[in-house]
Every structure is written in C-alpha cells, then in structure tokens.
Amino acid sequence: MSESGDATLRVVASLRDIARADWEACANPAAYDGPGNGIASSRLVASPEPGCEDGTIARGAEIAVEYNPFLSHDFLSALEESGSATRKTGWLGQHLVLDGPDGRAAAILPAYLKSHSMGEYVFDHAWSEAYERAGGRYYPKLQVAVPFTPVTGRKLLVRPGPDAERHRLLLAQGITTLARRHGVSSVHATFLPEEEWAFLAEAGFLKRNDQQFHFVNRGYRDFEDFLAALASRKRKAIRRERRDAVAPGIEIVRLTGGDLTEAAWDAFFAFYMDTGSRKWGRPYLNRTFFSLLGERMGDRVLLMLAMRGGRPVAGALNLIGSHALYGRYWGAIEEHPFLHFELCYYQAIEWGIAHGLARVEAGAQGEHKLARGYEPVKTYSAHWIADPSFRRAVASYLEQERAQVTRDVEVLGEYTPFRKGEAPEAE
C-alpha cells in the first residue's frame, strides 16, 4: 500500500495471510500463563492527549497491555473460517499490516469494509439515513473492530518497543488513506481504550461515548465479601434471587478446556439461536464457530450451564482475559425466575473474584445490572468522516451526546447498590 522509512504498509483480506505468531506479537504481546496472573510486564509507549480524563498517563509514558481473547488470531480466524464474518455477511477484511525491516508484522489494525451497520453495537443508522437523504452514499464504510463484540480493546496493535508510537501513527494515517482510496464515507473505530480514543482524535477522528456496566473487583475475598459492601436491602435481594434461581432443582456447572464437548456446544447453540432469533432476527454466529472456539481457545472459554434433571436448560458463554471475565451470550429453553441473573451476573462475579480478576464486563446495555453490583462506565469510539459538511453535522451531534453520556453515568452512579457513604468511586 505504501512505504514509510523502513516500514511497509499493506492491506490483508484474510487472517490466513498473517502468521499467527506475528499477529499475537502485536495483539497480545505478552506471555499469558492463565486467568488472574496478569501481564503487566508487557508495555507500550503511549502518547495520550494532554488533559486526558483520567490524568494518569503523561506523553511518552508506558502503559500495560492486557491479554484480550477477542483480539487473538484464534478468535478472529474462527469468525472468518466459520463464515460468520466474511464478504458474504458484509464483513470484508481490510486489515492493515505494517511490516518492519525484518519483513515481519510490526503493527496491525483489524479493519473491515462493511455494507451495513449490523453487529457493531455503536449505532450509526441515523447517520446513514440522514446522509443518504441528503444525497450521499454512506455504504460501504470501514469498521475498525472485532465483529459482533462490544468489548473494549486496543485496535492499534503494535509490538512493544521504541517505534511503537510511530507505528501507531502510521496505522491511523493508513486507515484514512485507505478510506480515501476506496472512496468510502467514513471510518469507525469502536470500543477503544480511552488512550487510543484520545490518540485518534489527534489524528482527525471525532470522539464518541456510550456506556456499559462492569463489575469492579475491589479486592473482595469471595462473593460474600462483595455482598458485605452492599446496602442491606440489596444484599438480601441478591441472596433471594440466587436462592430462587436454583430452587426448581437446577444445578449450575462450569465448563472450560477439555470439558467443552460437542454435546455441550450443541446445547448452548440451541440457547444462542433462541435468544438471537428473538433479539436480532438472525443470529450472527453459526454452529461451526463455537466448535472452532472450543478447539482453539478452550482454556479461554468459561461456559456456564444450568442443568435440570440432567439436561441443560440454559447457558451463558464467557471468555477469559488476563484481567477480566467477558460475558457474551446467554440463552434458555426453559423460563425460570432470576436464572438469567444467576448465570450471567452472579456466577461471573463469583468466578472472577475466585480467580483474582479485576473486573467482569457483562456486555452491552442493561440498567438492570446496576442493582446487581455492576457500575456504569464509559465506552469510547472514534469516527473519521470524509465529507466536510457531514463531518460538521456529526461533530455537533457528538458534542451533545458526549455531554449527555457523562451526565447519565454520573446519575446512574448514584444508584449502585453499595452502602451509602461507603460506595466505591466510579471506575
């Protein structure tokens, strides 16, 4: 695509054309020994915007890199090879790869040319409708993301080292150059770390916020220790919900690694299809994807199944990072009060605390999570708009939206279940 000094930038349509070891050296550049062990030894040179909200990262400082299972070559190639994220489904790979002087990938940007806005969880349907009413052509667009995954993670994937900052800038410049070459309307980088959000803003992207709800582990010894931090009424409500969830003779089993049999995946896929058909009309993932996930990433998967009479009746799928447990999908073939909360929220908190994880991220949306110990946090995305007039209109909208999200997070933070006067600070 282009050359810059001793580095060459190219576009790759398939994960098959990028060596797994090279991808991981950029995406998850640290040895990972198992959940809860952390990877603080792997660090990148950072360059956030001055005055960044958390105020903790100075220009030129280093930041730790977490292991994120969704950024792995195994996860993304499973999406591709299963046929879930391909040209046919509207996700044409346009990954930017920056090759260093040794010919190996020094930096990668996961990107897709998209013909729709499905499976993104940062909604721009109103933008597309407005632009096309004005005579513009919104699609195709470029999406910098992990398909179907509302999980914060780095997108400027660079090998650690003294050239990391320069390589990140080359990726940011490269994706806008690719957008102009394709003649697309826009580039959308979603679910970014706050630091990358600020970095891309310096590169000409517009800043957007939304919110999610995360459980934050503040050194709890176990689930009961977490409950002790809650107001009495909330504590009693959670105990009652957990008791009632398993009252009809339900047993919860946790499967990972070699315990993830094809029979278990068959059961879970039935749950997934039921939920997906009701929520989205057409589920995004197919049965083959889950087999590939278990085969390639079984030790990063935690599948919670609710059993009644020896038969699975509900399930929740989680992926395990170095610092977080990520809840992704849930479904059931029987309705039982509070079983959703037990499988998706309480079991995840309990497991995360037991394995020393810093947080549990329970997916998109859901103010009902507040009462169950999940706190409001901001999410971050960055958007490059080609048309100057359209860009001005979107920028004005985003300024108002960011202010509203800030207010919402502040207000919702007052409704967490923690004891008044002892509530922990917002994340």
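Only one of the listed residues (ALA145, ALA130) is assigned by TED's automatic domain parsing to the domain that holds THR176, closer than 16 Å to SER186 by Cα and surrounded by fewer than 18 Cβ atoms within 10 Å (Cβ to Cβ). That residue is ALA130. Name the pairs whose Cβ atoms lie under 6 Å apart, with the first residue in region 335-346 and touching a residue at least 40 places away in the same chain (Cβ under 8 Å) and within 15 Å of GLY249 (Cβ to Cβ), the second of a type in the set (Phe, Trp, Tyr) and not in a helix (DSSP H, G or I), and 6 or more positions between them or separate chains? Final answer for the pair search is none. Select from region 292-317 the residues that are without any contact (Cβ under 8 Å) to a residue 40 or more places away in the chain and touching a Ser or Thr at 6+ places or on another chain (Cβ under 9 Å) and list them in ascending order. If the condition is that a residue be without any contact (Cβ under 8 Å) to a residue 40 or more places away in the chain and touching a Ser or Thr at 6+ places or on another chain (Cβ under 9 Å), then GLY294 is the only one that fits. Considering only residues in region 240-293 that are among the small types (Gly, Ala, Ser) and touching a helix residue (DSSP H, G or I) at 6+ places or on another chain (Cβ under 9 Å), the one that is surrounded by the most Cβ atoms within 10 Å (Cβ to Cβ) turns out to be ALA245. Listed by first and then second residue, the pairs with beta-carbon distance under 7 Å, at least 6 apart or on different chains, first residue in region 164-188 and hydroxyl-bearing (Ser, Thr, Tyr), second assigned to a strand (DSSP E or B) and modelled with pLDDT of 95 or more, are THR176/VAL187; THR176/TRP384; SER185/LYS141; SER186/LYS141; SER186/HIS383; SER186/TRP384; SER186/ILE385. Any chance region 208-228 includes a residue that's β-branched (Val, Ile, Thr) and either outside any strand (DSSP E or B) or free of Cβ contacts under 8 Å to residues at least 60 places away in the same chain (or both)? No: region 208-228 contains no residue that is β-branched (Val, Ile, Thr) and either outside any strand (DSSP E or B) or free of Cβ contacts under 8 Å to residues at least 60 places away in the same chain (or both). Candidates VAL158, VAL97: the one that is in contact with a His (Cβ under 6 Å, 6 or more places away or on another chain), touching a residue at least 12 places away in the same chain (Cβ under 8 Å) and not acidic (Asp, Glu) is VAL158. Of the strands (runs of 3 or more DSSP E) lying entirely inside region 1-47, not one carries at least 2 residues that are surrounded by fewer than 14 Cβ atoms within 10 Å (Cβ to Cβ) and at pLDDT 95 or above. Counting only strands (runs of 3 or more DSSP E) that sit wholly inside region 311-427, those with at least 1 residues that are farther than 25 Å from VAL146 by Cα and not assigned by TED's automatic domain parsing to the domain that holds TYR131 are 311-320, 324-332. Scanning region 169-196 for residues that are farther than 14 Å from ARG10 by Cβ and touching a Ser or Thr at 6+ places or on another chain (Cβ under 8 Å) returns ALA179, VAL187, HIS188, ALA189, THR190, PHE191, LEU192, PRO193. Taking region 68-130 as the region of interest, the strands (runs of 3 or more DSSP E) fully inside it that hold 2 or more residues being more than 30 Å from ALA393 (Cβ to Cβ) are 95-99, 105-109.
The values are calculated or read from the model by the stated rules, or taken from the named source; none is laboratory data. Fair warning: this is a prediction, and the values are worked out from it, not measured in the lab. Cβ: placed from backbone, ideal geometry, glycine included. Neighbour counts: every protein chain shown.
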